[in-house]
Amino acid sequence: MIGVGVIGYGYWGPNLVRNFSDIPAVDLRWVCDLQTERLARLRLRYPAVKITEDMADVLADPKVDAVAIATPVFTHFDLAMRALCAGKSVFVEKPITTTSEQAQRLIDEADRRGLVIAVDHTFIHTGAVRKLREVIRKDLGEIYYYDSVRVNLGLFQHDVSVMWDLAVHDLSIMDYALDARPRAVSATGMSHVTGEPENIAYLNLHFDSRLMAHVHVNWLAPVKVRRTLVGGSNKMIVYDDLEPSEKIKVYDRGITLDPMAPRAGERRNQMQIGYRAGDMFAPQLDITEALGSELSEFITCVEHGTKPSADGTAGLRVVRILEAASRSMANGGAVVELPRERVLA
């Protein structure tokens with residue numbers, strides 16, 4: 001049995017507690033939150049779980065092997081570092097930290113102690129995103145574009161912008177699904193509430209190949225949209241997370257070029273572009289709850305010392321993009337180069 005403590009029982013904490021309690025290999029020992037009334041409600045449903053307002057109680061328990069952190073973003077680094085230093089593996093909500101320097105320090109500490117860090121990039125554990133990755137890598141051919149929209153009349157956050165709140169989902173999906181890493185970022189955004197972070201943002205990601213990627217996030221849209229379009233030389237994909245059944249649709253559509261390319265001196269319009277309009281296919285998807293799968297994977301990794309799908313390095317890559325996008329936004333949309341990943345000897 002892997003002993004687990006959950007830190008934070010606000011918005012996401014109850015989902016963690018529910019899923020951990022359903023995993024046979026987990027001994028859910030503690031839930032920690034600063035608000036006593038939340039813990040009182042928890043005790044009615046999970047009477048065997050110990051409750052506390054002090055994280056030190058959780059870390060002092062030798063039977064706790066791992067902690068899950070579901071607290072505001074600005075607290076992630078301090079709480080995760082405390083847990084690692086106490087010898088506990090860590091599962092932390094997205095984004096992993098507020099800076100790439102903090103994320104790297106957590107990764108280094110976990111590596112030094114032989115512990116596991118997993119980041120809550122929940123969407124990569126859905127059947128839809130796993131199928132998206134499979135189709136992109138097997139069937140699309142050369143990837144031309146990745147275009148994602150995540151908008152709604154949303155819950156304004158006071159500590160993070162819409163980019164750090166919503167775009168992190170799309171960036172984590174892109175990081176998982178594409179067999180390529182961006183080399184640079186440009187971004188624009190705007191706040192329509194004085195003194196508050198941006199509520200609308202547009203991110204462009206630049207790659208070494210001909211791939212273009214774009215992410216639009218917005219807290220001021222009249223409708224809720226969660227849609228991604230991916231186009232390749234062979235096929236195209238529509239991923240609509242709000243579709244109740246056919247979340248992934250694969251289209252055998254695209255363009256074809258006349259094999260008789262124009263020779264030197266001929267006019268460019270002599271090259272004929274044709275259009276391929278084939279069938280649409282909606283593959284069957286695994287409907288297992290993503291968070292349950294994600295937490296089961298985390299527990300297996302803690303037990304065997306293996307690497308989760310969204311480890312600390314995956315979290316670091318997303319934070320680096322968000323940092324670069326923030327710098328770009330502050331400089332009128334200037335292109336900001338991303339640092340190359342550190343290669344371990």
Taking the stretch 35-51 and keeping residues surrounded by 15 or more Cβ atoms within 10 Å (Cβ to Cβ) and under 24 Å from Ala86 (Cα atoms) leaves Leu39, Val49, Lys50, Ile51
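Could you please let me know if Met280 is surrounded by 11 or more Cβ atoms within 10 Å (Cβ to Cβ) and at pLDDT below 90? Steps first, answer last, please.
On the way: surrounded by 11 or more Cβ atoms within 10 Å (Cβ to Cβ): yes; at pLDDT below 90: no.
Taking the combined requirement at face value, the residue does not satisfy it.
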Gly195 meets each of (1) part of a helix (DSSP H, G or I); (2) surrounded by fewer than 23 Cβ atoms within 10 Å (Cβ to Cβ); (3) out of contact with any strand residue (DSSP E or B) (no Cβ under 6 Å at 6 or more places or on another chain) with one exception, condition (1)
Of (1) exposed (fewer than 13 other Cβ atoms within 10 Å of the Cβ); (2) of a type in the set (Gly, Ala, Ser); (3) under 26 Å from His158 (Cα atoms), Ala56 fails just (3)
Restricting attention to the stretch 20-37, the residues that are of a type in the set (A, V, I, L, M), touching a residue at least 24 places away in the same chain (Cβ under 8 Å) and outside any strand (DSSP E or B) number exactly 2
Expected output for the stretch 38-64 (first residue closer than 16 Å to Pro14 by Cα, partner surrounded by fewer than 12 Cβ atoms within 10 Å (Cβ to Cβ) and among the hydrophobic types (A, V, I, L, M, F, W, C), Cβ below 9 Å, 6+ apart or cross-chain) is Ile51/Ala40
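Can you name the residue in the stretch 299-345 that is of a type in the set (A, V, I, L, M) and free of Cβ contacts under 8 Å to residues at least 60 places away in the same chain and, of all such residues, is surrounded by the most Cβ atoms within 10 Å (Cβ to Cβ)? First the steps, then the outcome.
Let us first name the residues in the stretch 299-345 that are of a type in the set (A, V, I, L, M), namely 299, 302, 310, 314, 316, 318-319, 321-322, 324-325, 329-330, 334-336, 338, 343-345.
Among the residues that remain, those that are also free of Cβ contacts under 8 Å to residues at least 60 places away in the same chain are: 330, 343-345.
Values: Ala330: 12, Val343: 5, Leu344: 6, Ala345: 2.
This residue is Ala330.
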Here the residues within the stretch 1-16 that are touching a strand residue (DSSP E or B) at 6+ places or on another chain (Cβ under 7 Å), without any contact (Cβ under 8 Å) to a residue 60 or more places away in the chain and surrounded by fewer than 21 Cβ atoms within 10 Å (Cβ to Cβ) are Met1
Pairing a residue in the stretch 107-125 that is over 13 Å from Thr313 (Cα atoms) with any residue that is crowded, with 21+ Cβ neighbours inside 10 Å and acidic (Asp, Glu), where Cβ atoms lie under 7 Å and the two sit 6 or more apart in sequence or on different chains, gives Thr122/Glu294; His125/Glu294
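The values are calculated or read from the model by the stated rules, or taken from the named source; none is laboratory data. All figures in this text were calculated on a predicted structure; none of them were measured in a lab. Positions of Cβ are backbone-derived with ideal geometry, glycine not excepted, and every protein chain shown enters the neighbour counts.
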